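For reference, the structure is listed below as structure tokens.
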Amino acid sequence: MSMKQLAILAFIPLAACTTVKEAVRGPELAPVGYPSSLMPRDQMLLSARDPMPTPASANSLWRTGARAFFIDQRAGRVGDILTVQIDINDSAQTSNASTSTRAGSMTAGVPHFLGLESSLGKVLPGGFDPAAAIETSSNTSNAGSGQVTRSEKISLTVAAVVTAVLPNGNMVIQGVQEVRTNAELRQLTVAGIVRPEDISSSNTIKHTQIAEARISYGGRGDISRVQKTPAGQALVERFNPF
């Protein structure tokens, strides 16, 4: 067995472990990142203990650091809260079809082969004809079709907390909301990166203005457990080769 085959066999348990985990626990969200090529991935975040703007001087309505003459209620520092409006109404439909056919034939013979063509009949089965030693034919066909129809609609509002401020002023936000009714727990999470300029005067922002948005809406409890495919059945469907 070659080294390449050994390496492939070594990675099979890791891939199977990941697949088993996804089949049992479901898909997981990717961590929030900052993909801009202009900024390094590991960035220095501003501390929550940054000094507050100095008060206005005597006989002046202007306060250092303020964006207007009145107090700015929009989130801008670590620990501030802003409202995220989630209004998703997406639909997608994909349809494709493909067909392919192929036919081939081949005939080959050795009428003359160093004068041994007559002697070949003594070795090969009876009825051997050197002029038609090989003859093959093949026919293949393939047809496939697929269709995907998806529709998603979510309309929710959740409060998020500013967890970090990037050097360019953009803010990393994260919010979690849980509501329990009897034995069923509904959970909504949102995370991403927002620009201070996109936050409205009412301290709200739309989900379409969140970069690297990670939105999850689901729940757990008795009803969710009954609706979920059993782990054993999910594993059989995942690895069944037929």
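Values in this text are rule-based calculations from the coordinates and carry no lab data. Only a predicted model underlies this, so the values are computations on that prediction, with no experimental measurement involved.
Annotations
- Amide H contacts of Asp72 (H built 1.01 Å from N, in plane; Pro and chain starts excluded): Arg67 sit under 5 Å, all sequence-distant by 5 or more or on other chains.
- Segment Ser141-Ile81, extension gain: residue separation times 0.36 nm, minus the distance between their alpha carbons: 15.5 nm
- Karplus-derived 3J(HN,Hα) values for the range 169-181, using 6.51 cos²θ - 1.76 cosθ + 1.60 with θ = phi - 60°, are x, 5, 10, 8, 10, 7, x, 9, 10, 10, 10, 10, 10 Hz; glycine and proline are entered as x.
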